[in-house]
Amino acid sequence: MDIKDYAKSGIEEILVTSSIDGSREPSLLWRCEEQPAPLLVGLHTWSADRHNQVDTFFPLARKHSWHLLLPEFRGPNLNTNPRATSACASTLAMQDVIDAIEMVCSMVRVDQSRIFLIGGSGGGHMALMLAGYKPALWCSVASFCGITDLKAWHSENPSYTPHIEACCGGKPDEKSDEYAKRSPVSYAIEIAKCREVYIYHGKFDRSVPFTHGLNLFNKICSINPQAHVFLEIFDGGHDMIIEKAESQFLKAGKTAKVISG
């Protein structure tokens, strides 16, 4: 969808004040007329901003009468971003998403028992990080082809190496703490506390090997075999299959009790 079409569709830009550093960060919001309504939080990819998943997530939200929030969390994870160290699942970036959700809940009536989180690639990475950051918040989380270990990915995909280093402030041997802090595999205990997390990964993914999803899933299961965390290695590549998330969210939403805010 072109930016000029946003107004016609009812999508608006909001500015959210960070509860950490007071900066004003942009998000996109679509308000469902039926309220209270579930909230779909859609995350942008590694190299993009809040606009890049409108065409993917807006039809889903409109179809099911869900509010839609498309937050921007300090911009793309690229060395061309002057705020790269504040992007890439930093605490600032993750809190940006939480602050945006809280603002939306103050603007519209949200069924807070049905907050769905979805992302693919870099958005899949961020979805898993947010699952660990605020595990009690989400009704259901869908991560597609997400990076789970930045140190491993640093050597696996050389085209992204300079961008990973820009975000983490150096090479893995120089900034091991930063690489770990921004990697979902470091938060297996916290992710295991979520009500429901689905990790989807294409078997033939050439950008992010499927072992990222597999290794995180195995670590979670070793910690808590009863965790509601599920893995699907699908016959595909670096893809996001929206129908899988749609089915997942609808099923999860049926058993949630309405909490209106």
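The values are calculated or read from the model by the stated rules, or taken from the named source; none is laboratory data. Given the structure is predicted, the values throughout are model-derived calculations rather than measurements. A quick note on method: Cβ atoms are made from the backbone with ideal geometry, for glycine too, and the neighbour counts reach across all protein chains shown. What goes into the accessible areas is simple: the full protein's heavy atoms, side chains included, and nothing from ligands, DNA or RNA. Shrake-Rupley method; radii C 1.70, N 1.55, O 1.52, S 1.80 Å.
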Orphan Cys of the chain, criterion: no other Cys C-beta under 4.7 Å: 32, 105, 139, 145, 168, 194, 221
J(HN,Hα) series, the range 192-204, from Karplus relation 6.51 cos²θ - 1.76 cosθ + 1.60, nearest Hz, glycine and proline x: 5, 7, 5, 5, 6, 9, 10, 10, 10, 8, x, 4, 10
Applying the Karplus parametrisation 6.51 cos²θ - 1.76 cosθ + 1.60 with θ = phi - 60° to the phi angles of the range 122-137, what ³J(HN,Hα) value in whole Hz is obtained for each residue in order, glycine and proline being reported as x? x, x, x, 4, 5, 4, 5, 5, 5, 4, x, 6, 9, x, 7, 6
Can you give the convex hull volume per residue for the Cα atoms of the chain, as a whole number of Å³? 119 Å³
Which values of log₁₀ I(q)/I(0), to two decimal places, follow from the Debye formula for the range 114-180 at q = 0.17, 0.20, 0.23 Å⁻¹ with a uniform point scatterer at every Cα? -0.63, -0.80, -0.94
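Over the chain, what is the relative contact order in percent, taking alpha-carbon pairs closer than 8 angstrom and at least six residues apart?
Normalised by residue count, the contact order of the chain is 18 percent.
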In percent, what relative contact order does the range 153-261 have, based on Cα pairs under 8 Å that are 6 or more apart in sequence? 24 percent
Average the reciprocal distances over every distinct pair of alpha-carbons in the range 110-261, invert the result, and give the Kirkwood radius in Å. 15.6 Å
P(r) of the range 1-148 in 5 Å steps, Cα pairs, percent per bin? 2, 10, 21, 25, 22, 13, 5, 1, 0
Calculated from DSSP H runs of 4 or more alone, at -39500 (n - 2.57) each and per residue, what is the 222 nm mean residue ellipticity of the chain, nearest 500? -10500 deg cm²/dmol
Take the Cα coordinates of the range 74-165, assign each an equal point scatterer, and use the Debye formula without solvent to give log10 I(q)/I(0) at q = 0.11, 0.14 Å⁻¹. -0.35, -0.55
The answer for the chain, accessible area per residue at 1.4 Å probe in Å², is 42 Å²
Coordinate range along principal axes, alpha carbons of the range 152-195, Å, largest first: 35, 19, 14
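Grab the eigenvalues of the alpha-carbon gyration tensor for the range 22-71, scale each by 5, take roots, and send me the semi-axes largest first in whole angstrom.
Working: eigenvalues 82, 39, 9 Å².
Equivalent-ellipsoid dimensions as semi-axes: 20, 14, 7 Å.
For the ranges 110-118, 241-249, what's the packing order if you count other beta-carbon atoms within 10 Å of each residue, average per peptide, and put the highest first?
Those peptides, ordered most packed to least, come out 110-118, 241-249.
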Give, to the nearest whole percent, the P(r) tail of the range 32-109 beyond 20 angstrom, counting all Cα pairs. 36 percent
